[in-house]
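Scroll down for the structure; my scribbles are underneath it.
The values are calculated or read from the model by the stated rules, or taken from the named source; none is laboratory data. What you see is a predicted model; the values in this text were computed from it and never measured. Heavy atoms of the whole protein, side chains included, go into the accessibility calculation; ligands, DNA and RNA do not. Shrake-Rupley method; radii C 1.70, N 1.55, O 1.52, S 1.80 Å.
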Amino acid sequence: MRGYRSRSLFGAIACAAALAACSSGGGGQGTSTTTAPSSSVQKSGETASPSGDIAVSPGGVTTRIDVPAESTEEQYAQACMATKAWMEAKGGDPTTLVEPFLKDLQSNAAAGPPTFDKTWGELSMAQQAAVIIAVRAAAEGGC
C-alpha cells in the first residue's frame with residue numbers, strides 16, 4: 001500500500017507546481033499550494049471561496065479542499081476501493097461519477113468506508129480533502 005502515498009505525494013507536488021505557475025500570471029489571486037493530486041485542479045464552472053481553500057461545483061458539491069490531506073494508508077485504500085466498487089456498479093465513465101458520488105457522501109448521513117467510517121460532517125477538513133483525493137483516484141483507476 002506504499003504506492004498510494006507515493007502517488008499522492010507525486011500528485012501533490014505536480015499540482016502545487018501547476019498552481020504556482022498558473023497563479024503567477026496575475027489575475028489578482030495569490031499563489032496557492034495544495035496536497036491534492038493534479039487531477040483535482042478546479043474545473044470550469046466551479047467556484048472557490050474568497051480564501052481559495054474550497055471549490056464548490058455549481059451543484060453545491062465540495063470538489064476540492066486545499067489543505068494537506070489526512071488519512072492513514074488503510075483509510076485511503078478502503079475509501080478508494082469502496083468508491084471504485086460504487087462507480088463500477090453505476091457503469092459508464094467513472095470520471096463523470098466523481099461529483100455525484102461526492103454529492104452522495106456530503107448529503108448522506110450514513111458513515112462508511114469512503115468517509116473513514118464517519119459521516120462527512122464528522123470529518124475534519126483535512127480528512128474531507130483525503131476523501132476527495134481517494135474518490136478522484138478511484139475514478140482514474142488509481143486503486
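Want the number for Ala111 to Ala89: 0.36 nm per residue separation, take away the alpha-carbon distance, what's left?
This chain segment gains 6.0 nm when fully extended.
Sorted by accessible area with a 1.4 angstrom probe, largest first, how do Thr119, Thr96, Thr83 fall?
Result of the area sort, largest leading: Thr96, Thr119, Thr83.
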